[in-house]
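Everything on this sheet refers to the single structure shown next.
Nothing in this text is a laboratory measurement; each read-out follows from the coordinates by a stated rule. Please read these numbers as outputs of a predicted model, since none were measured by experiment. Reconstructed Cβ throughout: ideal geometry from the backbone, glycine too, with neighbour counts over all protein chains shown.
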């Protein structure tokens, strides 16, 4: 998570709350210039997924840079997201992007 440069405190408070509920390392907070951090995270081989909600040009770069290691990305292509409205921001798409499905095979004996 990259907090807003103008108002970083709310993001830090949310992460502090998440730290009590989620395993260590699941959510990381990094601070600095958004464009520089975006470049570093998109190109980093150990970052496993990336969400980017910024400019259309930034979205295009994230998709291009993340293709090198097949990193799943979620970008908005410069269109703002209404996170407070289920149909536009916090609905089924968020659930699909925020979770990974796994198949569990339970072999049955003869």
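Some observations on this one:
- Chain lengthening between residue 47 and residue 79 when straightened (0.36 nm per residue, less Cα-Cα): 9.1 nm
- Rounded FRET efficiency, nearest 0.05, which uses the C-beta distance separating residue 67 from residue 37 and R0 of 22 Å: 0.70
- Measuring r between the beta carbons of residue 101 and residue 21 and using R0 = 25 Å, the FRET efficiency lands at 0.75.
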